[in-house]
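This report concerns only the one structure given below.
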Amino acid sequence: ALAINPNLADAYNNIGITEKQLNKIDNAIKSFEGAISVDPNFTDAYYNLSLFKQYTLSKNQIAKMQSILISDGISQSDQISINFALAKASESLDNQDEFLSYLHEGNRLRKKELNYSIDMSHKFFSMIYETFALLPNSNIKSLQNITPTKRPIFILGMPRSGTSLVEQIISSHEEVYGAGELNTLMRLYYPILENILSNEKDKNILSEENLILIREKYLDSLSQLNTTANIITDKTPANFQFIGFIFSIFPDAKIIHLKRDPRAICWSIYKSKWMGNGYGFSYNMDDLASYYDSYSKLMDFWHKKFPEKIYDICYEDLTTNQEEMTRKLLEYCELDWDDNCLNFHKNKRPVKTASSFQVKQKMYQGSSEAWKKYESHIQPLIDGLKPYLKK
């Protein structure tokens, strides 16, 4: 694209995103700077630069963003990007008041842009319970003795709970391929959920025949990946919603559930601007606490339905007892020990999530304490999470 049009800011920005995923930090920074040099008003490039700990936005760049923010005709989307970028810049400069002001405004605008209501998520969770109740069996007997050619390991939980770190550890094993966040299950199960939403309640859609077809389509999607490995991780946090379906089509599935201090999870979520139109609950503290409540109750439900089948791992325990917790993790996955799993930061696989920087570094502690600096400013969130805080 740049060969055809060397002044295409979008191309520089997209190249930078790809280089960031490949951990080519210096190249990525140059690409985002290239986007701004071509188009000084390219808001997404400013935001992408603000995410690098290795990069400090200059006074001139900050001033330019502030001028963009008050300019006539700025789109809502650009306002959102600039507010989140200025929030990151203010945080790195330890300007707490400005950081919080830009962050709150970016979140307010993003929720408005998505036209999100927490009732939408509550309704979705109700559909999950109702759909699971219609399943013919918790396990499909005809599948219990069939070993699939590709064996998926599902890593799930709330966003920012440590799923990327655990996938980076497991995918460092010589027998495992890390596929990242796959939307396959969501795409295959949505017709079922939409059927429930329409109140048709056609039980035939949940027949063993259809569920086996979903299994085959999912396995086929794994076979399309560029790997010869038979063990593949699917690190889609939102798959916690579909644990009942997973066990229906993969009776012996390995499911790893990440647990972490809910204040650390929700504060990290609130600080993030997510790609796409999902995670609408992220942009309001009351919504976040309510969504966490729904998630926690659903996980309790799955644990009761499938006792001792879901492996819970605590992010804080993993960061403080790396080798012990890694050994237990591999044992659950029925994988032999591999020293590479302790050196996960050397794994060169692309990482496309918000944690792409962290998982390329050695294990570090303390990230779960970051919320404490802003404790007095996030009381609505902390109050909403009190039922889930350790005594």
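For residues that are of a type in the set (S, T, Y) and over 25 Å from K112 (Cβ atoms), tally how many sit in the range 34-83.
Qualifying residue count for the region: 4.
Quick check: is even one residue across the range 42-53 in a helix (DSSP H, G or I), out of contact with any Asp or Glu (no Cβ under 8 Å at 6 or more places or on another chain) and free of Cβ contacts under 8 Å to residues at least 12 places away in the same chain?
no
Sort out which residues of the range 13-33 are touching a Leu at 6+ places or on another chain (Cβ under 9 Å) and touching a residue at least 24 places away in the same chain (Cβ under 8 Å), and write them in order of number.
G16, K20, A28, I29
Checking the structure you have, find out if any residue of the range 244-254 is within 26 Å of I153 (Cβ to Cβ), open to solvent by less than 10 Å² (accessible area, probe 1.4 Å) and at pLDDT 95 or above.
no
Limited to the range 10-38, what total is found for residues that are touching a helix residue (DSSP H, G or I) at 6+ places or on another chain (Cβ under 6 Å) and either at pLDDT 95 or above or open to solvent by less than 50 Å² (accessible area, probe 1.4 Å) (or both)?
Of the residues in that region, 14 qualify.
Looking only at the range 203-212, decide whether some residue is buried (at least 19 other Cβ atoms within 10 Å of the Cβ) and of a type outside the set (A, V, I, L, M).
So far as the range 203-212 goes, no, none of its residues is buried (at least 19 other Cβ atoms within 10 Å of the Cβ) and of a type outside the set (A, V, I, L, M).
Across the range 249-278, which residue is nearest to W371 (Cα to Cα) among those that are β-branched (V, I, T) and touching a Ser or Thr at 6+ places or on another chain (Cβ under 6 Å)?
Applying the filter and picking the extreme gives I265.
When only residues in the range 210-254 that are of a type in the set (A, V, I, L, M), more than 20 Å from T131 (Cβ to Cβ) and not in a helix (DSSP H, G or I) count, which is farthest from the chain's Cα centre (by Cα)?
A229
K111 passes all but one of (1) open to solvent by 50 Å² or more (accessible area, probe 1.4 Å); (2) outside any helix (DSSP H, G or I); which number fails?
Against the list (1) open to solvent by 50 Å² or more (accessible area, probe 1.4 Å); (2) outside any helix (DSSP H, G or I), K111 comes up short only on (2).
Got at least one residue in the range 329-349 being within 15 Å of E167 (Cβ to Cβ), acidic (D, E) and either in contact with a Gly (Cβ under 7 Å, 6 or more places away or on another chain) or in contact (Cβ under 8 Å) with a residue 24 or more places away in the chain (or both)?
yes
Residues being open to solvent by 10 Å² or more (accessible area, probe 1.4 Å), touching a Ser or Thr at 6+ places or on another chain (Cβ under 7 Å) and under 21 Å from G106 (Cα atoms): count how many of those fall in the range 282-313.
So the answer is 1.
At pLDDT below 95 and acidic (D, E) - does that describe any residue in the range 190-200?
Within the range 190-200 (the criterion being at pLDDT below 95 and acidic (D, E)), the answer is yes, since at least one residue qualifies.
Would the range 179-187 turn up any residue that is open to solvent by 30 Å² or more (accessible area, probe 1.4 Å), touching a residue at least 40 places away in the same chain (Cβ under 8 Å), touching a helix residue (DSSP H, G or I) at 6+ places or on another chain (Cβ under 8 Å) and part of a helix (DSSP H, G or I)?
Within the range 179-187 (the criterion being open to solvent by 30 Å² or more (accessible area, probe 1.4 Å), touching a residue at least 40 places away in the same chain (Cβ under 8 Å), touching a helix residue (DSSP H, G or I) at 6+ places or on another chain (Cβ under 8 Å) and part of a helix (DSSP H, G or I)), the answer is yes, since at least one residue qualifies.
So S294 fits all but one of (1) part of a helix (DSSP H, G or I); (2) touching a residue at least 60 places away in the same chain (Cβ under 8 Å); (3) over 18 Å from the mean Cα position of the chain (by Cα); what number is the exception?
(3) is the only condition that S294 fails.
Looking only at residues that are open to solvent by 60 Å² or more (accessible area, probe 1.4 Å) and at pLDDT 90 or above in the range 53-71, which one is farthest from I36 (Cα to Cα)?
Here the answer is I70.
Take the residues in the range 72-104 that are hydrophobic (A, V, I, L, M, F, W, C) and not in a helix (DSSP H, G or I); name whichever of them is least open to solvent (accessible area, probe 1.4 Å).
I74
Assess whether D10 counts as being of a type outside the set (G, A, S), part of a helix (DSSP H, G or I), in contact with a Ser or Thr (Cβ under 6 Å, 6 or more places away or on another chain) and within 19 Å of K273 (Cα to Cα).
no
List pairs: first residue in the range 209-230 and hydroxyl-bearing (S, T, Y), second residue at pLDDT 90 or above and surrounded by 14 or more Cβ atoms within 10 Å (Cβ to Cβ) anywhere in the structure, Cβ distance under 6 angstrom, at least six positions apart or on different chains.
Y218/T184; S221/T184; T227/Y177
The values are calculated or read from the model by the stated rules, or taken from the named source; none is laboratory data. Since this is a predicted model, take the numbers as computed values, not measurements. Because the Cβ atoms are built from the backbone with ideal geometry, glycine has one as well, and the counts that use them run over all protein chains shown. These accessible areas exclude ligands, DNA and RNA; they are computed on the full protein's heavy atoms, side chains included. Shrake-Rupley method; radii C 1.70, N 1.55, O 1.52, S 1.80 Å.
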